[in-house]
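What follows is a short report on a single structure.
The values are calculated or read from the model by the stated rules, or taken from the named source; none is laboratory data. Note that the structure is predicted; figures quoted are calculated from it, not measured. Cβ coordinates were reconstructed from backbone atoms using ideal geometry, including for glycine residues, and neighbour counts include every protein chain displayed.
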Amino acid sequence: MKIVQINKENWADGLKQLCKTYRLFGPVKEDDFHNFKELEQGQLPDLSCLNTRLSPKSIIYPQTEVMFEYSLDENQEDHHILKEVNNDYPSQAIIGMRPCDAKAFALVRLNFDTPDYKDPYWLKAYEATTLVGQACESPCSSCFCTTAGCGPYHEEELDLLLIDSGDQYRAKVITDKGEAFLEAAGWTRTLDEKTALKEIEAQKRAAEDKICATVNTDKLREIETNALYNAPFWEEVSFSCINCGTCTYVCPTCWCFDIQDENYGNSGCRMRNWDSCMYPLFTAHGSGHNPRDTKLHRVRQRFMHKLKYYVDKYDTGIQCVGCGRCVRLCPVNIDIRRVCELMNSQAAKKN
Amino acid sequence: MLSYIDKIKEISTGLLKEGRVEMIIGFRKGTVPMMNEPHFAKSPAEVENFVWDSNCGINLCNYLTNRREKIGILAKGCDSRNIVTHIIENKIKRDQLVIIGVPCKGMLDKRKISAMFEAEIGEVIEDETNITVKGDGFEKTLNKKEVLQQNCSVCIHRNPVIHDELVGDPVEEQTDVDRYTDVREIEALPPEEKTKYFEKLLQPCIRCYACRNACPLCYCPTCFTDESRPQWVAKGQDPTDVSTFHFLRAYHCAGRCTDCGACERSCPVGINMRVFTKKLEKDCLELFDWEAGLDPNVRPPLDTYRPSDPDEFIK
Amino acid sequence: MGIESDRLQFSWVSSAEATKFVKVVTEVTKAIQALGPNKNLVKTIPKVA
């Protein structure tokens with residue numbers, strides 16, 4: 001396990017070098033909050049941000065993505081031919097993402113990279129991306145990553161983990177991609193593994209101790225689906241929901257989309273946009289029937305998907321990494337931690 | 001104002017016990033600072049969960065549309081005007097409601113307060129005049145008046161215009177506020193500057209529709225943005241579509257918006273889209289001498305034709 | 001909304017007012033042509049990142 005030392009005074013230079021071979025993305029402050037943006041020449045990612053408002057999922061999975069275009073103009077040589085839009089993803093790196101957002105890619109990948117079907121758009125972007133994480137020293141009060149299968153120093157899906165140690169970053173190399181990233185930046189000075197690891201471990205424990213929000217998920221697997229589905233608390237949970245798409249759009253593990261064609265006279269394109277299961281039309285059928293036409297149906301579905309169906313299907317834990325964005329941003333303060341408790345303790349009541 | 005909660009609980013319990021209503025819509029304490037969650041009580045025991053403080057900015061009237069039960073609802077000045085509009089538009093019947101009026105001196109602007117501090121806010125404690133904001137390593141006291149939501153700071157209808165019960169004495173209405181300073185500033189810009197201003201304003205929009213869904217006026221079974229045959233506005237992130245959504249939604253609220261601020265409050269990316277509805281509100285005031293939701297017996301001007309309707313713009 | 005005020009014009013013209021119709025159409029067309037093609041809120045193909 002290689003640990004490389006990056007002196008903070010060498011940080012900007014390293015990024016300059018990286019610009020030559022990677023498109024760099026990092027947290028940038030806009031108005032009152034941070035978001036991941038492509039870094040311009042010489043622009044530094046703001047690593048002091050606790051977490052970005054929107055997750056970095058849009059770097060690999062854009063909110064609106066044109067899949068292919070076509071022209072119906074018979075004067076054009078390539079008329080009536082579907083042309084793939086040039087979506088060549090040059091090497092890119094996301095710097096300063098939190099371990100929760102990184103783990104989210106692992107959860108989402110189970111959906112986009114299956115033995116039967118692979119989403120070419122998502123995978124191409126994903127494979128071109130190096131994920132450079134930043135460990136959390138001061139988790140927010142709404143973060144509950146440690147009980148959501150993750151943690152402030154969690155390494156899943158990351159190629160590199162940067163740990164802030166005062167005047168330097170200790171970069172823990174996790175994959176070859178991470179190693180290549182460090183080399184391209186010219187950051188090659190390694191530290192003594194044993195000492196560095198010990199210090200990192202101590203920092204990690206201190207950070208984990210700071211997490212005060214927790215969820216209990218131990219009973220979710222064993223409880224019978226219908227017992228949860230028919231539980232009496234859904235009316236009270238779903239009452240305040242306004243069925244906007246905020247939770248789904250800020251969530252790093254949500255993946256639903258809608259494909260649509262847009263036509264402009266003689267030409268057009270096929271694109272996909274993020275879609276939200278919270279919208280009433282999400283499950284509207286061509287026949288006119290809508291199996292989830294009430295708010296309760298949709299809210300229940302969302303929590304069941306995150307905390308039950310995903311658990312049952314993939315057996316890797318809940319489809320949530322505890323980033324806390326939905327908790328902070330829900331306009332009516334519906335709290336997934338509260339709902340998880342209700343669901344987990346419903347199990348206890350059953351038998 | 002903080003003592004209102006006792007009266008709220010007393011009235012609510014009474015209403016439920018007497019069977020005058022089947023449910024009361026109010027707020028319960030939120031799980032994050034400066035937030036309360038809309039909550040309903042169907043029994044006196046559940047009434048105990050109710051809270052009332054300066055974090056009750058959400059418009060509860062949003063939850064009334066198309067309900068069939070007898071409902072008791074907590075309504076501030078702006079909310080009560082939305083109830084009037086709902087009655088006029090036949091979305092709820094007057095006799096279904098027991099309106100528990102709450103005079104209001106303004107709700108806190110959570111975003112403004114959070115932006116004042118680098119670190120995360122842990123707790124906000126409130127008294128009649130001030131709030132104390134506490135976090136890791138800091139504590140600061142602020143005067144509530146300075147951190148109110150923008151719509152509250154220029155509010156001229158703080159007392160409910162319609163109510164069956166009132167939880168406190170009416171508060172003094174503000175009379176010397178200019179509601180439209182920001183609108184006038186934008187009106188004064190040349191067209192290209194206006195375009196740039198709106199582009200910048202709407203650039204962070206993620207089309208989550210929180211603004212639309214939080215708005216009590218937006219109750220169309222299928223919103224124009226969701227229509228596909230014909231598709232009036234596309235669903236992607238193209239700036240033209242994003243602008244169209246916001247402009248058109250504002251137009252649909254023209255003459256109906258009470259400036260409750262629920263839209264701005266709910267926006268996850270902090271867009272001040274009230275400039276659109278306020279512009280239309282100003283136009284309605286100037287062209288028709290109209291303010292939405294004041295009298296359930298008067299039809300709105302955009303609903304009726306009068307020969308005296310302004311027409312100088314027609315050549 | 002950022003659209004020049006001369007681009008959108010209203011006029012009452014009765015079907016019996018042919019001369020007025022010609023006048024209005026000519027004037028409005030001239031005014032809009034002077035402004036040039038509208039670039040605001042026009043979409044041909046989605047402009048997305």
- Task: Consider only pairs whose beta carbons are under 7 Å apart and that are at least six residues apart or on different chains; among these, list those whose first residue lies in the range A:125-150 and is free of Cβ contacts under 8 Å to residues at least 60 places away in the same chain and whose second residue is surrounded by fewer than 24 Cβ atoms within 10 Å (Cβ to Cβ) and of a type in the set (Ser, Thr, Tyr).
- Result: A:ALA128/A:TYR89; A:ALA128/A:SER91
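Considering only residues of the range A:61-79 that are outside any strand (DSSP E or B) and among the charged types (D, E, K, R), which is surrounded by the most Cβ atoms within 10 Å (Cβ to Cβ)?
Among those residues, the one meeting the criterion is A:ASP73.
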- With the first residue restricted to the range A:87-100 and required to be in the same structural domain as A:THR21 (by TED's automatic domain parsing) and of a type in the set (Asp, Glu), and the second required to be in a loop (DSSP other than H, G, I, E, B) and surrounded by 15 or more Cβ atoms within 10 Å (Cβ to Cβ), Cβ contacts under 9 Å at 6 or more apart or on different chains are A:ASP88/A:ALA128
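Please indicate, with yes or no, whether at least one residue in the range A:334-350 is away from every other protein chain (no Cβ under 14 Å), more than 12 Å from A:ILE223 (Cα to Cα) and part of a helix (DSSP H, G or I). Before the answer, list the steps.
So the first thing to find is which residues in the range A:334-350 are away from every other protein chain (no Cβ under 14 Å), and the list is A:343-350.
Next, from what is left, pick out any that are more than 12 Å from A:ILE223 (Cα to Cα): none.
No, the range A:334-350 has no match at all.
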- Task: Quickly run through the range A:93-128 and pick out the residues that are surrounded by 21 or more Cβ atoms within 10 Å (Cβ to Cβ) and not in a helix (DSSP H, G or I).
- Result: A:ALA93, A:ILE94, A:ILE95, A:GLY96, A:MET97, A:ARG98
- Task: Could you pull out every one of the helices (runs of 4 or more DSSP H) wholly within the range B:1-89 that has 2 or more residues that are touching a residue at least 60 places away in the same chain (Cβ under 8 Å) and closer than 19 Å to B:ARG265 by Cα?
- Result: B:77-88
- Task: Go through (1) within 14 Å of another protein chain (Cβ to nearest Cβ); (2) under 24 Å from B:GLY270 (Cβ atoms); (3) part of a loop (DSSP other than H, G, I, E, B); (4) of a type outside the set (Lys, Arg) and name the single condition B:CYS104 misses.
- Result: (1)
- Query: For the range B:236-258, how many residues are surrounded by fewer than 21 Cβ atoms within 10 Å (Cβ to Cβ), within 14 Å of chain A (Cβ to nearest Cβ) and in contact (Cβ under 8 Å) with a residue 24 or more places away in the chain?
  - Reply: 1
- Can you name every residue in the range A:303-333 that is part of a helix (DSSP H, G or I), under 21 Å from A:HIS154 (Cα atoms) and away from every other protein chain (no Cβ under 12 Å)? A:LYS306, A:LEU307, A:TYR310, A:VAL311, A:TYR314
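Tell me which residues, restricted to the range A:227-260, are in contact with a Cys (Cβ under 7 Å, 6 or more places away or on another chain) and free of Cβ contacts under 8 Å to residues at least 60 places away in the same chain.
Filtering the range A:227-260 down to residues in contact with a Cys (Cβ under 7 Å, 6 or more places away or on another chain) leaves A:244-253, A:256.
Correct list: A:GLY245, A:THR248, A:CYS256.
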- What residue, among those in the range B:268-284 that are surrounded by 20 or more Cβ atoms within 10 Å (Cβ to Cβ) and basic (Lys, Arg), is nearest to B:PRO301 (Cα to Cα)? B:LYS278
- Message: Is it the case, given these coordinates, that C:SER15 is free of Cβ contacts under 8 Å to residues at least 40 places away in the same chain and facing chain B (nearest Cβ under 10 Å)?
- Response: no
- Residue list for the range A:265-302, filter: in contact (Cβ under 8 Å) with a residue 24 or more places away in the chain, assigned to a helix (DSSP H, G or I) and within 11 Å of chain B (Cβ to nearest Cβ): A:PRO280, A:PHE282, A:LYS295
- Task: Could you list all residues from the range C:1-12 that are facing another protein chain (nearest Cβ under 7 Å) and either of a type in the set (Val, Ile, Thr) or surrounded by 13 or more Cβ atoms within 10 Å (Cβ to Cβ) (or both)?
- Result: C:MET1, C:GLY2, C:ILE3, C:GLU4, C:GLN9, C:SER11
- Give me the pairs: first residue in the range B:129-140 and surrounded by fewer than 16 Cβ atoms within 10 Å (Cβ to Cβ), second residue of a type in the set (S, T, N, Q) and assigned to a loop (DSSP other than H, G, I, E, B), beta-carbon distance under 9 Å, and six or more apart or on different chains, which are they? B:ASP136/A:SER138
- Filter the range C:14-41 for residues that are within 30 Å of B:VAL242 (Cβ to Cβ) and surrounded by 12 or more Cβ atoms within 10 Å (Cβ to Cβ) and give the result. C:VAL28, C:ALA31, C:ILE32, C:LEU35, C:ASN40, C:LEU41
